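Beneath this line is the structure, given in structure tokens, with notes to follow.
All of the numbers you see were taken from the coordinates with simple rules; none came from a lab. Please read these numbers as outputs of a predicted model, since none were measured by experiment. Using ideal geometry, Cβ is built from the backbone for each residue, glycine included, and neighbour counts are taken over all protein chains shown.
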Amino acid sequence: MTTDNRPQTLKARLAARVAGILEPFALRRVAHVVSVSPAYVNMLRGHYFWLGENDFTVLPFGAAEADYEFLRASPMRQAVFDPHDGRQHWVYVGRGGGDMNFAVNSFFTALASTLKMQPELKSKLAVHFIGTSYAPKERAAKTIEPLAAECGLGDVVSETTDRIPYFEALQCLLDANALFVPGSDDAGYTASKIYPYILARKPLLAVFHEQSSVVEVLKNTRAGTVVSFKTGESCDAIAARILESSWLQTQLSAVNGQRSVVSPPATDWPAFAPYTAREMTRKLCQIFDKTAKS
């Protein structure tokens, strides 16, 4: 049930076909179903009438706090950008794809509008999109840089299609001055990667569909700025909201040298506790215990 628009190989198409054939047989005998999104629960219940609400648990991937504790105690060097080169670095680590074009274009439209008025900021800002493709390097196609070029941001935005090691990815988040996360135009898209972004404790901007669980998580935890959109809205409308956000104004002040340090979000950490890896593991073990006894 993938919702991204990554290119599929023949092997992937065959695997999806086989999975589609076997799925109803598996779900006839399943004891319980764990899903990362309530949208997938609704989809499965719509297809298989015998599945009830109590047959499902929505459980996203949790955030590993210990990984950040390790990196803060023993920082590693990441090879994507130099955090000490005098520029402000805004970072996104994660996949690209056509379903994210709307959120990315909205962000680029807002940024281009600002830099048009203050072109001197271009040399002081670098926006990095890292690990945007699942394909091997020789077959990977850039999906972000073409959008940036259309908005006149070709000299500000860089895209690295290669996936990088997990701890190097976390180090990129820690080395960033600010973080940006685009969401899918699929209303059911749940980005569990938002949790590592929150744990990085950096100024965070997320642009997501209003029905995505990310919107609720960020609002409940106060861990960042979220600009939500509805299906059918225009990029210009969302760009206007981004331009009005305190996140953009604060980060641009830092780029302009008016702020030397930008404070981290005032995250409500008790509200974030349910999203940690420890808590998600505890819930999953409870499901195993319950199903083993039934």
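Remarks
- In degrees, nearest ten, helix 235-244 long axis to first principal axis of the chain (Cα): 60 degrees
- Max mean-square fluctuation residue, GNM over the chain, Cα-Cα springs under 10 Å, options Leu71, Leu59, Leu121: Leu71
- In loop segments of region 62-158 as defined by DSSP, the trypsin sites (Lys or Arg not before Pro) with at most 13 further C-beta atoms inside 10 Å of their C-beta are Arg77.
- Of the trypsin sites (Lys or Arg not before Pro) found in region 227-274, those that fall in a DSSP loop while having at most 16 other beta-carbon atoms within 10 Å are Lys230, Arg259.
- Between Ala15, Ala266, Ala178, the residue with the greatest mean-square fluctuation in the GNM of the chain (Cα pairs under 10 Å linked by springs) is Ala15.
- Helix 246-255 vs. the chain, principal-axis angle (Cα, 0 to 90°, nearest 10): 40 degrees
- The chain - mean residue ellipticity at 222 nm from DSSP helices (-39,500 (n - 2.57) per run, n ≥ 4, rounded to 500): -13000 deg cm²/dmol
- Low-density loop positions, chymotrypsin sites (Phe, Trp or Tyr not before Pro), region 1-81 - DSSP coil, at most 14 other Cβ in 10 Å: Phe49, Trp50
- Summing charges over all other residues whose Cβ lies under 11 Å from the Cβ of Leu27, with Lys and Arg as +1 and Asp and Glu as -1, gives +1.
- Measuring how big region 65-271 is from its alpha-carbon positions, Rg and Dmax come out at 16.0, 46 Å.
- Surrounding net charge for His47, when Lys and Arg each add one and Asp and Glu each subtract one, Cβ distance under 14 Å: 0
- Listed cross-link partners Lys193/Lys290; Lys193/Lys283; Lys193/Lys219; Lys219/Lys290; Lys137/Lys230 are compared with a 23 Å cut-off, the Cα-Cα value being larger for Lys193/Lys290; Lys219/Lys290; Lys137/Lys230.
- Cross-link reach is defined here as a Cα-Cα straight distance under 19 Å, omitting same-chain residues fewer than 8 places apart; for Lys122 the aspartates and glutamates meeting it are Asp82, Asp85, Glu145, Glu150, Asp155, Glu159.
- Note on the chain: GNM, Cα springs under 10 Å; of Ile198, Ile21, Ile242, the largest mean-square fluctuation is that of Ile21.
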